[in-house]
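Bear in mind that the values in this text are calculations on the coordinates, not laboratory data. The shown structure was predicted, so the numbers you read here are calculated from the model rather than taken from an experiment. Please note: Cβ atoms are built from the backbone with ideal geometry, for glycine as well, and neighbour counts cover all protein chains shown.
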Amino acid sequence: MKREELTRYLDELLEAARFRDYCPNGLQVEGKPEIGRIVAGVTASQALLDAAVAAGADAVLVHHGWFWKGEDGRVTGFRKQRLATLLRHDINLIAYHLPLDAHPELGNNAQWAQGCGFVPEGRFGDQDIAWHGRLAEPCTAAALAARVGQALGRPVQLVGPAERLVGRIGWCSGGAQGYFEQAVALGLDAYLSGEISEQNTHLARETGVPYLACGHHATERGGARALADHLAERFGLDCRFIDIDNPV
């Protein structure tokens, strides 16, 4: 498949143009003009790039790419090593950040809901990135933390009243702790995200709304995996998701 055809399809599928993001979405580093094998992952780390080289990939497709606003733009140290790996092997780097959080079927939040049995009912937060909905069967915050932890394969940090009965919830993958106050204002029974900040602890205790920190990496594996599966089914491409372990 031609590179331009693939990136154009992904740009349209994920509606990349409508998002105000912290990095460029789409093709970030140009490689081979023909793409037949894709390695997908959460972050374009050196470990994922090395795995892509070993797999003979023509492209790397990730949620966390490069060229973030405000970061040092000099190509030195680890940045030079990463870029050199792609250029040496003529591998394309394709990344979608907020578009891959938000997609209603293939996105991180949609996949998280599907894997944990959340029932989506609406959106909130900046650019409607965060989701809210309900549990099929209400349960305590402690039971919800255990269930989500089992689904994600990592312990969940629960702050706030563990015994609270939870029916309506809000969730947003990754570093979305800034939406907690909005979740409280919506009258939700609990909020789930990838990370937690110091101030979230006090808000959870003072409002009685439990906060579940479920792991930035763990909550954002679903989108890249689902997107890889979608491309394999639609275009017959060799797409594989490689999970580089990350405890955060």
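Okay, here's what the table says:
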{"item": "Assigned charges on the beta-carbon of Lys, Arg, Asp, Glu; the chain dipole about Cα centre (debye)", "result": "340 debye"}
{"item": "Net +/- balance of residues flanking Gly222 in space, Cβ distance below 12 Å, scoring K and R +1, D and E -1", "result": "-3"}
{"item": "Residues of type aspartates and glutamates that Lys69 reaches as a straight line, Cα spacing below 17 Å, ignoring anything fewer than 8 places off in the same chain", "result": "Asp21"}
{"item": "Relative contact order %, segment 106-186, counting alpha carbon pairs below 8 Å whose residues are six or more apart", "result": "32 percent"}
{"item": "Highest-fluctuation residue, Asp50, Asp72, Asp101 considered, GNM on the chain with Cα pairs under 10 Å", "result": "Asp72"}
{"item": "Ranked packing of 6-16, 140-150, most packed first, by mean Cβ within 10 Å", "result": "140-150, 6-16"}
{"item": "Inter-probe distance in nm under a simple model that places probes 7 Å from Cα toward Cβ, at Leu87 and Gln199", "result": "4.1 nm"}
{"item": "Order by protection proxy (mean Cβ within 10 Å, highest first), peptides 18-25, 181-188, 89-96", "result": "89-96, 181-188, 18-25"}
{"item": "Cut-off under 5 Å, modelled amide H: who pairs with Trp66 long-range", "result": "none"}
{"item": "Interchain or long-range residues, amide H under 5 Å from Cys239's placed H", "result": "Ile38"}
{"item": "Share antiparallel - DSSP beta bridges, the chain, percent rounded to 5", "result": "50 percent"}
{"item": "For the chain, the fraction of alpha-carbon pairs in successive 10 Å shells from zero, as %", "result": "8, 31, 32, 20, 8, 1"}
{"item": "Cross-link reach list, lysines versus Lys32, counting only Cα pairs under 24 Å and skipping chain neighbours closer than eight places", "result": "Lys2, Lys80"}
{"item": "Theoretical FRET efficiency, 1/(1+(r/R0)^6), r = Cβ-Cβ of Glu137 and Cys23, R0 35 Å, to 0.05", "result": "0.35"}
{"item": "Modelled FRET efficiency - R0 41 Å, Phe67 with Glu163, Cβ distances, 0.05 increments", "result": "0.35"}
